[in-house]
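Notes to accompany the following structure.
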Amino acid sequence: MDSGKPTNYYSKNQKQNLYADPIADQLLSIYNSLNLKEYEKLKFGIIGIPVVNIALFYMFISSSTANMICFTAWNFSIFFIFVSIWILCEILNKDTGPKAMQEIAEVIREGSEGFFITQYGTIFKYAFLSSVGLFFLYAFREIPAQSALS
């Protein structure tokens, strides 16, 4: 009775619910409602927004080096979070491909999830044992005597 095809342990509805991602769905609905396709030419102009913010901060708020470094790092961090969300939405908006490609992607996803569980499980075990060992080395160390000069 073996047809040569891999056994599917999930029904179609269970498989769709297994990888349902409400956050990605929400991001996609916001992205599609903004209709950014009309503003495709402005994409590279948006890069100037953090530079303008930094210049305004320098002119009107503070010109100290420490404040400029902190504000620049914060400004570019926020900017690149929005850029990464934008790229994520463009990727999620693409077609998932034919059925054969989806089946291969499912096998790759399962393999990579198993690999990461094994990898990070092992890293956690070694890190936990190392931290416990370091704690005991610190707790049972020999405390040096006070010097006569103090």
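Values quoted throughout were computed directly from the atomic coordinates according to the rules given, and no laboratory measurement underlies them. Quick caveat: nothing in here was measured; it's all calculated off a predicted structure. Heads up, the Cβs are rebuilt from the backbone with ideal geometry, glycines too, and the neighbour counts pull from every protein chain shown.
Couple of notes before you dig in:
- Ranking 53, 33, 83 by how far each Cα lies toward the positive end of the dipole of region 19-94 (charges on Cβ) leaves 53 at the top.
- Neighbour-count ranking [beta-carbon atoms within 10 angstrom, fewest first] of 89, 70: 70, 89
- Working from the Cα coordinates of region 19-94, the gyration tensor eigenvalues give, after taking √(5λ), semi-axes of 31, 15, 8 Å in decreasing order.
- Dipole in debye (nearest 20) - region 97-142, about Cα centre, beta carbon charges: Lys, Arg +1; Asp, Glu -1: 140 debye
- FRET efficiency for residue 108 and residue 83, using Cβ-Cβ distance with R0 set to 22 Å, rounded to 0.05: 0.25
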